[in-house]
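**Student:** Below is one structure. I have some questions about it.
The values are calculated or read from the model by the stated rules, or taken from the named source; none is laboratory data. None of these values were measured; they are calculated from a predicted model. Here the Cβ is made from the backbone with ideal geometry for all residues, glycine too, and neighbour counts use every protein chain on show.
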Amino acid sequence: MLTSEQHRCHNEKRNFSAEFKRESAQLVVDQNYTVADAASAMDVGLSTMTRWVKQLRDERQGKTPKASPITPEQIEIRELRKKLQRIEMENEILKKATALLMSDSLNSSR
């Protein structure tokens, strides 16, 4: 298990990996810790732990997270959506390029 020390930025806002958030929330969801006990054990604030627990429960129910996803499935969905968007954009560019080339080809053959 990761410790919060591995995620601290010196004199900056603390940033936590998706894995750390998921493992922390799993203490409450899967191992029956109280939110307060899990927050204390992981050295994070109570409201932070509450938010992570809610997000984990929501993601497990298939809800798309508003924040960065923490479950592997939601991370994969986000990555696949980005990939789909990029491919759709590339497809549109290719369609326009093909139309332009066809137009040039017709104009030069006249």
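**Student:** Which residues, counting only those in segment 18-64, are assigned to a helix (DSSP H, G or I), over 18 Å from GLN74 (Cα atoms) and among the β-branched types (Val, Ile, Thr)? Quick ask: steps written out before the conclusion?
**Tutor:** Residues of segment 18-64 that are assigned to a helix (DSSP H, G or I), as a first pass: 18-29, 35-42, 46-60.
Applying the additional criterion that residues be over 18 Å from GLN74 (Cα atoms) yields 27-28, 35-42, 46-50.
Within segment 18-64, VAL28, VAL35, THR48, THR50 qualify.
**Student:** Further, regarding this structure: What is the number of the single condition among (1) within 24 Å of LYS13 (Cβ to Cβ); (2) surrounded by 15 or more Cβ atoms within 10 Å (Cβ to Cβ); (3) not polar (S, T, N, Q) that VAL29 does not meet?
**Tutor:** (1)
**Student:** If we keep just the residues of segment 59-101 that are assigned by TED's automatic domain parsing to the domain that holds LYS21 and among the basic types (Lys, Arg), which is surrounded by the most Cβ atoms within 10 Å (Cβ to Cβ)?
**Tutor:** ARG60
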